[in-house]
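Chemist: So that we are looking at the same thing, I have put the structure below in C-alpha cells.
The values are calculated or read from the model by the stated rules, or taken from the named source; none is laboratory data. Model, not experiment: these values are computed from the prediction. No Cβ is skipped: glycine too gets one built from the backbone with ideal geometry, and neighbour counts run over all protein chains shown.
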Amino acid sequence: MTALLLFLALLFAALAALVYVGYRLAPKKPSEVKERRFEAGNPPYGEVKRRLVAQYVGYIYLVTAAEAVAGLLIVYALLSGGASPGLFAALALSLAVVAAFVAAYLRVLGDIKRWS
Amino acid sequence: MIVGLPSDVLAALIFPGIAGILGFLVVAIWAERKLVARVQWRYGPLYVSKPLGGFLQPIADLIKLVFSELVLPRHTNRLLFALTPLLLFVAEAVPVVFIAVAPGLVIFHHSYGLALAVVTWLLIPVFLVGMAWAEADKFTYIGAVREILLTAAYEVPLLLSVLAMFILYGTADPYAVVERQSLWGILLNPLAFLAFYISLAMSTTRFPFEIPEAEPEVVLGPYTEYGSTLFILSFGANYVKMYAGVLLGAVLFLGGWSPFGDLLLGALAVVAKTALLTVPLLLLRAIYPRYRIDQALRLGWSKLLALAVAAVALSAALKAAGVA
C-alpha cells in the first residue's frame, strides 16, 4: 500500500509541478480574444449545451445491461476458479440472451434513416 | 529488496511506474511519428538530435509547450479547467498499479489484480468526459459524447475477452496468470486476443477509431481548449492508457516475463513484448481511414461482440476438455 500511495502522490506532484513551472515561467500577454471560448476563429455564440443525438441512446441501454452481465460472469468465473458446470450454464444462458437481444435490435439501432 | 529499495517501491518509481510511464510517452510519440513518416515516404522528426534520428524531438516539444503561455479561458471554472487534465492523467496510470512486470515487480499486489486493472481502465472515460465538461466548448462537448458512445462500442467485447482468459487461467492474480501460461494465451485463445486488441485500439482512440478527437470534424474534441502544459497532460494521457493496455495484454496473452524467472531479464522480456503490441497500434495511424461513430458502434455490437462471445465459448470448451 505504501508503494501505491507513493506512486500516486509522486505522479500527481510531478504533474502539478510541471503545470506550475509552466505557469510561472512562460511569458504572459493576456488578451480578451485569447480567453474567449474557441469557436474555430469566429466570435463565440449561443449555448455550449446541445441536444443529445437520441438515436444512439439504445446503445447506452444495451451496454448498461450487457456490461453488468459480463461483470457478474467475471466475478463468477474468478470465484469458481474458472471451471464449474454452474459457470458454463451461466455463460451459455447469459451470452445467448445478450446475443439474441442484440441480433433483434441491431438493425434498428444502426438505421441511419432514423437520425433526423 | 533491490538496490536498497523494497521491490514494490522500485516498481512504483521505475518500472512499470513513473519512469516507465514517462519513458513510454517519449518513445511512443517519437516512434509513431517516425513510423508514420516512413510509411508516407517522409523523414519524420530529424533535426533535434540528428544522430539519434530525432529521438529528442518529443522532449523539445515538451520544453516548447512548458514555455507557452498557459491560457485559462474566462468562461470556465478555472480550478476545474486546470485540475481535470491532472486527474485524467493519474486515472490513466492507475491500471498500471495492478500489473506485475517481473517476479516480485508490481506496485500493488492483489489476488484479483488484473480484474482491478480492467475495472480501473473502464472508469477512465468518466474523467475524460469531466474534463471536456469543464472546458465548456461545443467541440469538447461533441468529443465527450463521441467518447461515451465509443466506450459503449468496446466495453462489453473487452470484458468478454478478459473473461475468456480468466476462465482459462482460473485466476486474476498477475503472478498466477503468468505461471499458468505454459502455452501463451494468444495461442490458447487467439479469438480473445483479437477481440482484446481491437478493443484496445478503440479504447485508445487509435485509427480507425480516432473519432472523439477527429481533427477535420471537431478540432481536437475533448482537448480543444487546452494549450501549454495542460495540453501535454490531457493529450499525453491517452498514451498512458495505451501503456497500461499493452502491459495488460503482454501479461494476459504473451506470457508476461516468461521464459525468464529473473527480475531484470523478466522486466526486459515484458518491455520487448510491450513494444511488440505497441508498434501495430502506432502504425494504424498511417494505414486506416476513420470510421464514423455509427459505424464504430455497429462494429462493436456485431462482429467484435460475436468474436468476443466466440472467445468465451472457446475458453469454456478448452476448460471443459481439460486442455487448459
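Chemist: Looking at the range A:89-110, can you tell me whether even one residue there is among the small types (Gly, Ala, Ser), without any contact (Cβ under 8 Å) to a residue 40 or more places away in the chain, surrounded by 15 or more Cβ atoms within 10 Å (Cβ to Cβ) and under 30 Å from B:Glu217 (Cβ atoms)?
Modeler: Yes, some residue in the range A:89-110 is among the small types (Gly, Ala, Ser), without any contact (Cβ under 8 Å) to a residue 40 or more places away in the chain, surrounded by 15 or more Cβ atoms within 10 Å (Cβ to Cβ) and under 30 Å from B:Glu217 (Cβ atoms).
Chemist: Right, something else. Please pick out the residue among B:Leu87, B:Leu72 that is part of a helix (DSSP H, G or I) and either at pLDDT below 95 or at the interface with chain A (Cβ under 9 Å from one of its Cβ atoms) (or both).
Modeler: It is B:Leu87.
Chemist: Restricting the range A:63-84 to residues that are more than 7 Å from chain B (Cβ to nearest Cβ) and assigned to a helix (DSSP H, G or I), which is farthest from the chain's Cα centre (by Cα)?
Modeler: By that ranking, first place goes to A:Leu79.
Chemist: Same structure again: Restricting to the range B:72-116, count the residues that are surrounded by fewer than 21 Cβ atoms within 10 Å (Cβ to Cβ) and β-branched (Val, Ile, Thr).
Modeler: Count: 2.
Chemist: Which members of the range B:115-153 meet the condition of being β-branched (Val, Ile, Thr) and on the phi > 0 side of the Ramachandran plot?
Modeler: Scanning the range B:115-153 gives no hits.
Chemist: Have a look at A:Ala26, A:Ala3, A:Ala40 and point out the one that is at the interface with chain B (Cβ under 7 Å from one of its Cβ atoms), touching a helix residue (DSSP H, G or I) at 6+ places or on another chain (Cβ under 6 Å) and of a type in the set (A, V, I, L, M).
Modeler: Only one candidate passes the filter, namely A:Ala3.
Chemist: Right, another one. Looking at the structure I just gave you, is B:Phe55 within 19 Å of B:Gly236 (Cα to Cα), part of a loop (DSSP other than H, G, I, E, B) and within 22 Å of the chain's Cα centre (by Cα)?
Modeler: yes
Chemist: Test B:His109 against the stated conditions and say whether it is part of a loop (DSSP other than H, G, I, E, B), facing chain A (nearest Cβ under 10 Å), touching a residue at least 24 places away in the same chain (Cβ under 8 Å) and over 28 Å from A:Leu25 (Cβ atoms).
Modeler: yes
Chemist: Under 8 Å by Cβ, and 6 or more places apart or on different chains, what pairs join a residue from the range B:215-230 that is at the interface with chain A (Cβ under 7 Å from one of its Cβ atoms) with one that is crowded, with 24+ Cβ neighbours inside 10 Å and assigned to a loop (DSSP other than H, G, I, E, B)?
Modeler: Close Cβ pairs (under 8 Å, with a partner that is crowded, with 24+ Cβ neighbours inside 10 Å and assigned to a loop (DSSP other than H, G, I, E, B)) amount to B:Thr224/B:Asp137; B:Glu225/B:Asp137.
Chemist: Here is a follow-up. Looking for whichever is outside any helix (DSSP H, G or I), of a type in the set (A, V, I, L, M, F, W, C) and within 21 Å of B:Thr120 (Cα to Cα) here; the options are B:Ala164, B:Ala172, B:Ala195. Which one fits?
Modeler: B:Ala172
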